[in-house]
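To keep things clear, I will list the structure first and then write my remarks on it.
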Amino acid sequence: MTTIAISQPRVQQRSRMGQIFRYLRRNKSLAVGIFIIFLLIAFTVIGLLTISPSKAYPLQAASKKPPSLKYPLGTDFFGRNLYAAMAVGMWQTALIGVLAGAIGTMIGVVLGFTSAYFGGPLDAAIKGICQILTPIPGFLIQVIIAGSIDKRSVTIYTMAFIVVLLAWMGPTLVIRSQVLTMKERQFVSVAKLSGVGPMGIIFGEIMPNLLPFIAAAFVGQVFYSIFASFYLAVLGLGPLREPLLGNIIWSANGQGAFFNGWWWWPIEPAVAMILILGSLALINIGLDEVANPRVRKAE
């Protein structure tokens, strides 16, 4: 009897893992996106473990060296080891994206649920603010805000704050529309008749059914936040001392890397950014299949 009691959870765990792997084989976009993300995480972790992060900053290596055994990704004009710079820069870029994406999604979830479930003047106010702010070009606002800040005080957390200022309207409108649909479902009406309060319905009935939408909104916000921090850094509006991927390209452009034959300097962060954004886009497509029954493939 003891053997059966121990083996049943193991069988259930293996069965659950098998279902996940089978689904990932079917949902190619999600599988490929997760695979690329794991490769990027592995590169960053291995890089941080095998080389000192201090090598990512100026005057730490011989300058303008092409990729070699000593310098796997080469060095730049300022004497930065680009292997260390890429490892640190990818971590910092991802931190900005995840931090801004998480805060923006959290604000969107709170406002979306509040607006849709309680309705009335509060719903009109939240919806109106989102509709007014959404058409405003976020790029211009972020450039103005970032350009007005003293460059010596700009940090990766400042960058995340600048990005998140315009990163909550989208999730708010998406979650609001889903909650408006969900709260009219029969199981919500049954919960109300059973005496379940508003918080119980929101967290116990509606929220679990919207987790795929919230996850997709979070991935979309991380994509937006990473891209926003990247183009701000490329314009020289980020923390210039930090080896953000956008900063590496900005400094390479400023020193005319391509014209001087230092091709590896701008190419490497550009490829890394393409992989990051591409993997997030694939994951978002895959999560859309999970969340949206209309695009879900037949089992």
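The residues of segment 64-112 that are among the hydroxyl-bearing types (Ser, Thr, Tyr) and surrounded by 20 or more Cβ atoms within 10 Å (Cβ to Cβ), listed by number, are Thr75, Tyr83, Thr93, Thr105. Within segment 178-188, the residues that satisfy the criterion of being loosely packed, with under 15 Cβ neighbours inside 10 Å and either among the hydroxyl-bearing types (Ser, Thr, Tyr) or outside any helix (DSSP H, G or I) (or both) are Thr181, Glu184, Arg185.
Against the test of being within 27 Å of Phe223 (Cβ to Cβ) and either modelled with pLDDT of 90 or more or not aliphatic (A, V, I, L, M) (or both), the options Gly79, Gly33, Gly74, Gly18 yield a single qualifying residue, Gly33. For segment 243-256, indicate whether the set of residues that are within 28 Å of Ala217 (Cβ to Cβ), aliphatic (A, V, I, L, M) and at pLDDT 90 or above is non-empty. Checking segment 243-256: at least one residue is within 28 Å of Ala217 (Cβ to Cβ), aliphatic (A, V, I, L, M) and at pLDDT 90 or above.
Among the residues making up segment 189-243, those that are over 30 Å from Gly147 (Cα atoms), of a type outside the set (A, V, I, L, M, F, W, C) and either touching a Leu at 6+ places or on another chain (Cβ under 6 Å) or assigned to a helix (DSSP H, G or I) (or both) are Ser189, Lys192, Pro198, Gly200, Gly204, Glu205, Pro208, Asn209, Pro212.
Of the residues making up segment 148-172, those that are surrounded by 20 or more Cβ atoms within 10 Å (Cβ to Cβ), outside any loop (DSSP other than H, G, I, E, B) and of a type outside the set (Val, Ile, Thr) number 4.
The values are calculated or read from the model by the stated rules, or taken from the named source; none is laboratory data. Predicted model, so just to flag it, every value in this text is computed and none were measured. Don't worry about glycine lacking a Cβ; one is built from the backbone with ideal geometry, like all the others, and counts go over all protein chains shown.
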